[in-house]
Amino acid sequence: PETISVAELANRMATRVPDVIKALMKMGVMANMSQILDADTAELVIQEFGHRVRRVSESDVEIGIEGDLDEDLDRLPRAPVVTIMGHVDHGKTSLLDALRSTDVAAGEAGGITQHIGAYQVETPAGSRITFIDTPGHEAFTAMRARGASVTDVVILVVAADDGVMPQTIEAIRHAKAANAPIIVAINKMDKPGANPNRVRQELLQYEIVVEELGGETQDVEVSAIKRTGLDKLEEAILLQAEILDLRANPERAAEGTVVESRLDRGRGPVATVLVQKGTLAQGDIIVAGAEWGRVRAMLDDKNRPIKTAGPSSPVEVLGLSSVPGAGEPFVVVENENRAREISEFRQRRIKEKQAAGITAARGTLDQMLA
Ligand code: GTP
Ligand code: MG
């Protein structure tokens, strides 16, 4: 499991050793330059420095610096991935449902109202936006932290009658840690006590200055219940996406993240995944967290069977050996042996960590964002 020295890591990132040591200290890890780090820790450091990570094998980490991997040669525009965050009961799920109702393709599928954790909307002008819901409770802090890292844009939902609350602040921190631009959705504008200006003022304290107050953060007044302001919110997202110039190469093996998962009585383990790079195809062998399997079937967000899913698509995947955790990354591997090897390795690691009484990845991630 041990993989790279602090000095070598600094060298590969073209960073100074003391800066790497400082980053480790922030994560609660005391290290000197010859210290050997495990792949998980190295990965966190690499991300902290704003580089992309590629796991060449379970025990080795490759540092991808924007623009230098072959996958970047053929990149095509992709839909923005938007995470909705905010305080409990401020209307994240309601807003997600309301936005879903604006989908021009939804009618064809027969008005499905069943809740899922991720879906894609097509606007009347033909643009696509992928939305991800996040659970609203403290226990999901780690997942939300990861949620922010799969995210291009964060919608910060603040109820106009309640204002900035503890989990609003937490969401702001996650968004900032992930370097994701924020769009403020001031929700519940239909309520008698709605006071959007108070929300704008309160946000100043957290260095969010909305356009109306001379800043750069877009803010939109909405009501998820009355379904007002939704077109403006979508416009704001698309404007932000244009600035970010989001691209991915669809012509490679898929990689992405598990958004949610469950054990279905009839169908076995079902994972909703977000494809972030490449194209996921039926029959592919994937490893997600410590689980693996051959993709037996895929359903899109409207419950229709599909054979392939490209970048920024949320899909339900059937065929995994067991239920992977939300927030776990998934990759397509070349064969079953490789999948089994990685899966066994990860399961062993999980047991080791449990035995040591540490949940290292979670712990360090939380400390990093604390
Ligand atoms: P958690 O997932 O528990 O954190 O909550 P949430 O942020 O997803 O909030 P949810 O969408 O469940 O809404 C919470 C409550 O606020 C529900 O009773 C909604 O009906 C209500 N609500 C949401 N949006 C609006 C709105 O625009 N106007 C009014 N009046 N009520 C709203
Ligand atoms: Mg909710």
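The values are calculated or read from the model by the stated rules, or taken from the named source; none is laboratory data. Only a predicted model underlies this, so the values are computations on that prediction, with no experimental measurement involved. Cβ atoms come from the backbone with ideal geometry, glycine included; neighbour counts cover every protein chain shown.
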Report task. Please verify whether the stretch 239-252 includes one or more residues that are surrounded by 16 or more Cβ atoms within 10 Å (Cβ to Cβ), in contact with a Ser or Thr (Cβ under 6 Å, 6 or more places away or on another chain) and in a loop (DSSP other than H, G, I, E, B). Result -> yes
Report summary line: Per the filter on the stretch 169-192, residues of a type outside the set (D, E, K, R), modelled with pLDDT of 95 or more and within 14 Å of ligand 1 (Cβ to nearest atom) are ALA185, ILE186, ASN187, MET189, PRO192
Report summary line: Restricting the stretch 196-220 to residues that are within 18 Å of MET165 (Cβ to Cβ) and acidic (Asp, Glu), the one farthest from the chain's Cα centre (by Cα) turns out to be GLU202
Report task. Sort through ARG296, ARG262, ARG227 and tell me the only one that's under 19 Å from TYR119 (Cβ atoms) and exposed (fewer than 15 other Cβ atoms within 10 Å of the Cβ). Result -> ARG262
Query raised in the report: Quick one: in the stretch 299-318, which of the residues that are closer than 19 Å to LEU76 by Cβ and of a type in the set (S, T, N, Q) is surrounded by the most Cβ atoms within 10 Å (Cβ to Cβ)?
Result: SER313
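To keep it simple, each residue is scored yes or no on (1) under 24 Å from LEU44 (Cβ atoms); (2) within 16 Å of the chain's Cα centre (by Cα); (3) modelled with pLDDT under 90.
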position: GLY256; (1), (2), (3): yes, yes, yes
position: VAL259; (1), (2), (3): yes, yes, yes
position: GLY268; (1), (2), (3): no, no, no
position: ALA309; (1), (2), (3): no, no, no
position: GLY325; (1), (2), (3): yes, yes, yes
position: ILE342; (1), (2), (3): yes, no, yes
position: MET368; (1), (2), (3): yes, no, yes
Report task. Spot the failing condition for ARG100; the list is (1) modelled with pLDDT of 65 or more; (2) away from ligand 2 (no atom under 16 Å from the Cβ), and only one is missed. Result -> (2)
Query raised in the report: ARG198 fails exactly one of the following numbered conditions: (1) at pLDDT below 90; (2) away from ligand 1 (no atom under 12 Å from the Cβ). What is the number of that condition?
Result: (1)
Query raised in the report: Among (1) closer than 24 Å to THR151 by Cα; (2) among the hydroxyl-bearing types (Ser, Thr, Tyr); (3) in a helix (DSSP H, G or I), which single condition is SER312 missing?
Result: (3)
Requested in this report: Identify, from the list LEU69, LEU73, the residue that is over 20 Å from the mean Cα position of the chain (by Cα), at pLDDT below 65 and more than 30 Å from ALA23 (Cα to Cα).
Outcome: LEU73
Report task. Please enumerate the residues belonging to the stretch 105-121 that are more than 13 Å from ligand 2 (Cβ to nearest atom), in a loop (DSSP other than H, G, I, E, B) and either surrounded by 18 or more Cβ atoms within 10 Å (Cβ to Cβ) or at pLDDT 85 or above (or both). Result -> none
Query raised in the report: Among the residues of the stretch 77-96, which ones are more than 7 Å from ligand 1 (Cβ to nearest atom) and among the polar types (S, T, N, Q)?
Result: THR83
Query - Cβ pairs under 8 Å, 6+ apart, first in the stretch 207-228 and free of Cβ contacts under 8 Å to residues at least 60 places away in the same chain, second within 16 Å of ligand 2 (Cβ to nearest atom) - result: ILE208/LEU156; ASP219/ALA185; VAL220/ALA185; SER223/ASN187; SER223/LYS188; THR228/VAL222
Query raised in the report: Would the stretch 7-16 turn up any residue that is at pLDDT below 85, closer than 21 Å to LEU244 by Cβ and polar (S, T, N, Q)?
Result: no
